[in-house]
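Input: a single structure, listed below in structure tokens.
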Amino acid sequence: MLVQKYQERVYWHIRKMVIDHEDADDITQEVFVKVWQKLHTFRQDSQLYTWIYRIATNNCLNFLKKKKRRFFLPIHDITQELTNKIDNSAGISGDEIQRELQKAILTLPEKQRLVFNMKYFEEMPYKDISEVLGTSVGALKASYHIAVKKIEEYLNED
Amino acid sequence: MKPKKLEDFNKENIYQVPDGYFGKLSLKIQQKVSSHEQQPIRIFSPRLLRIGLPSFAVLSISLILWFNISSEYNELQDKVVHHELLSEFSQEEVDSYILTEDISHIELTEAARNNNLEFTEKELSTTAIEEEILELDIDLIDVQTYL
């Protein structure tokens, strides 16, 4: 029940962060196993879906951190690797303009990218994003505003 | 040329998944969850053992070494203190003290042991001392009168 209700939202949240389908698939499975194991620790003071999102977000950030550590890659190279996946991966469609937008999003720092994805694509309220990331609503608004400016600058570079 | 704005873009999801992926995903997750449920509970995880065992070994060796060194040091310090205390008195004063003071059998044994004197408990027993006195041809009555 729980898996069926949230699996798609969780998968897309992860996929937009790690880009690759196989990686997103692995992380989504890990997230739900963790949710199952830790369900007894869930406190009713937050919504269940923001709690699951929080676990998914932490798993994504850990995955990207491990990836950087494993290959001794700086942030710039990780961005480049993910950008190449947008150009070459079979599981990605969309026209050139949409691909450019995704590449622009990839230039953002990881946490800002999370904020942007949750606000822009998933249209989550700031209050819920705040529960997921443990950041104040004011800081999230500022982060989103800066993210939009950076993306527009990137799109107008060419 | 008009600058590009974010609102000009469609919110399109360009990422794709294989056909029927989400149907299979929930099955895979359920399988993983049930396999996790069947796993026996391990008190010591392999990671904990990998980190814990060498630390425990190092700690144990350190404790043993520390205990040995500290007990040897204490013994040595005791000997030094005894030696320093005795050196303040002349041999005559020490002999006189032993003869005149009421030193218990246990104290004598302990003193002999501390100073590595080869007296055994048997040698220090009352009967042995009396025999020694008899051998030395000392009048026991005189000794008793003296005491």
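The values are calculated or read from the model by the stated rules, or taken from the named source; none is laboratory data. The structure presented is a predicted model; accordingly, all values stated were derived computationally and were not measured. Here the Cβ positions follow ideal geometry from the backbone for every residue, glycine too, while neighbour counts run over all protein chains shown.
Summary of values
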| item | result |
| --- | --- |
| One residue from A:96, A:131 being crowded, with 16+ Cβ neighbours inside 10 Å, over 25 Å from residue A:68 (Cβ atoms) and either out of contact with any strand residue (DSSP E or B) (no Cβ under 9 Å at 6 or more places or on another chain) or within 8 Å of chain B (Cβ to nearest Cβ) (or both) | A:131 |
| Per-region count, the range B:14-31, residues more than 7 Å from chain A (Cβ to nearest Cβ) and of a type in the set (A, V, I, L, M, F, W, C) | 1 |
| Test: residue in the range A:32-40 that is in a helix (DSSP H, G or I), more than 13 Å from chain B (Cβ to nearest Cβ) and modelled with pLDDT of 85 or more | yes |
| Residue count for the range A:102-158, restricted to those that are within 13 Å of the chain's Cα centre (by Cα) and among the acidic types (Asp, Glu) | 2 |
| Residue match in the range B:27-41 (condition: modelled with pLDDT under 85, outside any helix (DSSP H, G or I) and not β-branched (Val, Ile, Thr)) | yes |
| Checking residue A:68 against (1) loosely packed, with under 13 Cβ neighbours inside 10 Å; (2) assigned to a helix (DSSP H, G or I), the condition it does not meet | (1) |
| Members of the range A:99-120 that are away from chain B (no Cβ under 12 Å), polar (S, T, N, Q) and in a helix (DSSP H, G or I) | A:112 |
